[in-house]
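> Once you've had a glance at the structure underneath, I'll fire off some questions.
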Amino acid sequence: MEKVVIFGASGHAKVTIDILEKSGKYEIIGLLDSNKNIGPDVLGFKIWGGTDVVPELLKKFPGLKFFIAIGDNWRRSKIAQELLKIEPNIQFINAIHPSAILGKNVSLGRGIMIMAGAIINADSVIGDFTIINTKASVGHESTIMEYSSVAPNSTLGGNVTVGRYSAISISATILNGGSVGEHTVIGAGALLTKDADSFSVYYGVPAKFIRPRELGEKYL
């Protein structure tokens, strides 16, 4: 099995551990988290430290792979950029739960998390470092761009586009052909019937523009 280290040591990391163990493809050697103390176990796995220990781990475990288990889209992107700066050839794996359903000709980038019960239909494109959460459904020929996320129970119709760094919140619905710009949040339970602009927050049924959104603004 290939050795992998997970960046992140909170709830998202616990879900990642469960997915990787169920896949049977990887040996998890531990976790990295710059905000956690070195040593304490998370589901039985040691926290080695932060990004500063990456060069040491790469020497100790040749061919080591990485996965970023950070739920916030902007923070996940910053960690990815930091790791790539340390080692431009660093390798990121995908964490795909065995119960997820992927249709024909689905294209997957790297560093993607697809959780239990998720469905991604034919000819869809899932960009680098995206999250398709528990029981989320992505319709045919949709595009989920890098560093974006689709929360649990969300439903995306066919030919939907979700821009970079955008977040589709829990149980939101986007109708066929809908488009969401970059760095935008579609609120929990919202029904998006029209295209959503970039750097915006939309809530409600039907979803309406609520306010502008700042770069990197927290939403979780």
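The values are calculated or read from the model by the stated rules, or taken from the named source; none is laboratory data. Quantities reported herein were computed from a predicted structural model and do not represent experimental measurements. Reconstructed Cβ throughout: ideal geometry from the backbone, glycine too, with neighbour counts over all protein chains shown.
> Say whether the condition of being in the same structural domain as Thr16 (by TED's automatic domain parsing), part of a loop (DSSP other than H, G, I, E, B) and out of contact with any Gly (no Cβ under 9 Å at 6 or more places or on another chain) is met by at least one residue in region 99-107. Full working, then the answer.
Here is the first cut: in region 99-107, the ones in the same structural domain as Thr16 (by TED's automatic domain parsing) are none.
No, region 99-107 has no match at all.
> Further, regarding this structure: Working only within region 70-92, note down all residues that are closer than 21 Å to Lys3 by Cα and either among the aliphatic types (A, V, I, L, M) or not in a helix (DSSP H, G or I) (or both).
Correct list: Ile70, Ile79, Ala80, Leu83, Leu84, Ile86, Glu87, Pro88, Asn89, Ile90, Gln91, Phe92.
> Can you confirm whether Leu175 is buried (at least 23 other Cβ atoms within 10 Å of the Cβ) and of a type in the set (A, V, I, L, M)? Don't jump to the end; show me each part of the working.
Details: buried (at least 23 other Cβ atoms within 10 Å of the Cβ): no; of a type in the set (A, V, I, L, M): yes.
So Leu175 fails the test.
> Out of (1) at pLDDT below 85; (2) closer than 30 Å to Leu215 by Cα; (3) surrounded by 19 or more Cβ atoms within 10 Å (Cβ to Cβ), the odd one out for Gly49 is which?
Gly49 satisfies every listed condition except (1).
> For the list (1) assigned to a loop (DSSP other than H, G, I, E, B); (2) modelled with pLDDT of 95 or more; (3) over 16 Å from Ile131 (Cβ atoms), I need the number of the one condition that Pro62 fails.
(2)
> Confirm whether Ser198 is closer than 22 Å to His12 by Cα, outside any strand (DSSP E or B) and not assigned by TED's automatic domain parsing to the domain that holds Ser77. Quick ask: steps written out before the conclusion?
Working: closer than 22 Å to His12 by Cα: no; outside any strand (DSSP E or B): yes; not assigned by TED's automatic domain parsing to the domain that holds Ser77: yes.
No.
> Do we have any residue at all in region 128-138 that's under 17 Å from Tyr202 (Cβ atoms), outside the structural domain of His12 (by TED's automatic domain parsing) and either among the polar types (S, T, N, Q) or surrounded by fewer than 16 Cβ atoms within 10 Å (Cβ to Cβ) (or both)? Steps first, please.
So in region 128-138, the residues under 17 Å from Tyr202 (Cβ atoms) come out as none.
There is no residue in region 128-138 that is under 17 Å from Tyr202 (Cβ atoms), outside the structural domain of His12 (by TED's automatic domain parsing) and either among the polar types (S, T, N, Q) or surrounded by fewer than 16 Cβ atoms within 10 Å (Cβ to Cβ) (or both).
> Can you tell me which residue among Asp72, Asp41 is of a type outside the set (Lys, Arg) and either exposed (fewer than 13 other Cβ atoms within 10 Å of the Cβ) or in contact with a Pro (Cβ under 6 Å, 6 or more places away or on another chain) (or both)? Steps first, please.
Numbers: Asp72 fails: either exposed (fewer than 13 other Cβ atoms within 10 Å of the Cβ) or in contact with a Pro (Cβ under 6 Å, 6 or more places away or on another chain) (or both).
Just one listed residue meets the conditions, Asp41.
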